[in-house]
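S.K.: Below is a structure I'd like to ask you about.
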Amino acid sequence: MRILSYLGAGVAAAVFMLAVGWWRSVQTSPPDLPLRLGQMAFEMTDHRGNRVTPQDLLGSPAMLFLGYTYCPDVCPTTLSDITDWLEALGDTARDMRVVFITVDPSRDTPEAMAEYVSYFDPRVEGWSGTKGNLDRAVAALRARYERVGDDLEEYAMNHTANVFLFRSDGSYATSIDYHEPREFALPKVRRALNEPMK
Amino acid sequence: MALDMKTVLIASVLGLFSVLPLMAEQASQVTVTEPWARASIGSRPAAVYLALTNTSQAPATLTGLKADAAGHASIHRTSTDANGVSSMAPVGEIILAPGESIKLEPGGLHGMLMQMNAPLKKGTSVDVTLVFSDGTEQPVEFPVLGIAAKGPEG
């Protein structure tokens, strides 16, 4: 009988531990992560006028981020940060694809994107797509954007300002917050580039 | 009649001259350092940045901006929420207590120039006037740096 009650207590303890474990995993489960590039379904036109899809990025590590060329503050700063990272990473990031997806395709035509990206690292590509394709891209990144203001000329766009980093097999590695200091951002990119693929 | 007009004209010119030095004196209560602007493309909005210090004994309230180069100029603030979503909104007044300093810098406060008459070209400069609540105006010349610039050093 005594053995049985020990056993009972043991089972109860095990069940309790499992329950705690389950509760903790529920509590700490990460927010939705971006899809793999291979799972994303959208197509756009790049600043050279070519039709492009996320699958075209497979085989190289890639950085994707959202922005728009009428953005005077955040977007040029992000592009400038990325240009600095690429320079600091040197050969490590030689094959990096850098994709700036506009959240404002009605003003950011491929021609407008071509002029804009010409001011930054030559690896920066500007992708522009229809609203439907943009919405699918933003959803796949688990990101957000919205138009602010009704003025036809002066409206602004709120948008996720993270830089999403993908490994060359298309798996999502990490994201870098807007204004994350360079001393944090660079090791994150290096780690993602050196990590085994998933 | 003609004489009357002349008198009025002279009087107003004299009046203007007597007010100007006063305005300059009041405006100098705020010291401007590190002004710079980012080059812009076409008629797209441009951003200007600077540091301001209130060197007077009284609070100074910055109420807005004026710029001939733009159809519309105002102060905006960029903020990024917990989900990483950045947004931009006009800022009302900025009150500087005596001795207080603020910085307009990328990712935070910036002077926003909209409906640009011409793009800001790197290597040139743009004049923007700070307007204070007491009516004083302080013209500032902003050197235009490259589009990729992140601070007054480039």
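S.K.: Whole-Hz ³J(HN,Hα) for each residue in the stretch A:64-71, computed from phi via Karplus 6.51 cos²θ - 1.76 cosθ + 1.60 with θ = phi - 60°, x for glycine and proline: what do you get?
M.R.: Values, residue by residue: 10, 8, 9, x, 7, 7, 8, 8 Hz.
S.K.: Dipole size in debye (nearest 20) for the stretch A:37-194 around its Cα centre, Lys and Arg Cβ +1, Asp and Glu Cβ -1? Could you put the intermediate results ahead of the total?
M.R.: On the way: 16 positive and 25 negative charges, 149 e Å.
The calculated dipole for the stretch A:37-194 is roughly 720 debye.
S.K.: Would you work out which of A:Phe120, A:Gly67, A:Phe184 lies farthest towards the positive end of the dipole of the stretch A:37-194? Charges go on Cβ: Lys and Arg +1, Asp and Glu -1.
M.R.: A:Phe184
S.K.: First check a/c for the stretch A:68-194, with a ≥ b ≥ c the square roots of the eigenvalues of its C-alpha gyration tensor; if it is under 1.5, answer rounded, and if not, answer prolate when a/b is larger than b/c or oblate otherwise. All intermediate terms of the calculation are to be shown ahead of the outcome.
M.R.: Working: a/c = 1.81, a/b = 1.62, b/c = 1.12.
Prolate.
S.K.: Give a residue-ordered list of calculated ³J(HN,Hα) values for the stretch A:138-152 (Karplus: 6.51 cos²θ - 1.76 cosθ + 1.60, θ = phi - 60°; whole Hz; x for Gly, Pro).
M.R.: Once rounded to whole Hz, the list reads 5, 5, 5, 7, 6, 10, 9, 8, 7, 7, 10, x, 9, 4, 5.
S.K.: Residue farthest toward the positive end of the dipole of the stretch B:29-145, with Cβ of Lys/Arg at +1 and Asp/Glu at -1: which of B:Leu104, B:Pro59, B:Val144?
M.R.: B:Val144
S.K.: Now, a different point. Under a 5 Å amide H to amide H cut-off, with H placed in plane at 1.01 Å, what residues pair with A:Glu125 once short-range neighbours are removed?
M.R.: Here A:Val98, A:Val99, A:Phe100 satisfy the definition.
S.K.: For the charge dipole of the stretch B:29-145, defined by +1 on Lys and Arg C-beta atoms and -1 on Asp and Glu C-beta atoms about the Cα centroid, which residue among B:Gly135, B:Leu113, B:Ile95 has the Cα displaced farthest towards the positive pole?
M.R.: Going by the charge dipole, the pick is B:Leu113.
S.K.: Rounded, prolate or oblate: which fits the stretch A:35-84, taking a ≥ b ≥ c as square roots of the Cα gyration tensor eigenvalues, rounded meaning a/c under 1.5, else prolate when a/b beats b/c? Present the calculation step by step, with values, prior to reporting the outcome.
M.R.: On the way: a/c = 2.14, a/b = 1.63, b/c = 1.32.
Cα axes put the stretch A:35-84 in the prolate bin.
S.K.: Of B:Lys66/B:Lys150; B:Lys103/B:Lys150; A:Lys188/B:Lys103, which sit over 21 Å apart, Cα to Cα?
M.R.: Numbers: B:Lys66/B:Lys150 23 Å; B:Lys103/B:Lys150 13 Å; A:Lys188/B:Lys103 29 Å.
From B:Lys66/B:Lys150; B:Lys103/B:Lys150; A:Lys188/B:Lys103, over 21 Å: B:Lys66/B:Lys150; A:Lys188/B:Lys103.
S.K.: Stokes-Einstein diffusion coefficient for the stretch A:47-120 at 25 °C in a medium of 0.890 mPa s, Rh from the Kirkwood formula over Cα pairs: what value in µm²/s?
M.R.: Numbers: Rh = 13.2 Å.
The Stokes-Einstein estimate is 186 µm²/s.
S.K.: Shifting gears a bit: Using the Cα gyration tensor of the stretch B:29-145, with a ≥ b ≥ c the square roots of its eigenvalues, what is the shape: rounded (a/c below 1.5), prolate (a/b larger than b/c) or oblate (neither)? Walk me through the numbers on the way to the answer.
M.R.: Values: a/c = 1.79, a/b = 1.23, b/c = 1.46.
Here the stretch B:29-145 falls in the oblate category.
S.K.: Would you kindly derive the ³J(HN,Hα) couplings of the stretch A:106-123 from the backbone phi angles with the Karplus curve 6.51 cos²θ - 1.76 cosθ + 1.60 (θ = phi - 60°), listing them in order in whole Hz, with x for Gly and Pro?
M.R.: Calculated HN-Hα couplings, in order: 5, 9, 8, 6, x, 5, 5, 5, 4, 5, 5, 5, 5, 8, 10, 3, x, 6 Hz.
Where a number appears in this text, it was derived from the coordinates with a stated rule and is not lab data. Predicted, not measured: the structure shown is a model, and the values here were computed from it. Here the Cβ is made from the backbone with ideal geometry for all residues, glycine too, and neighbour counts use every protein chain on show.
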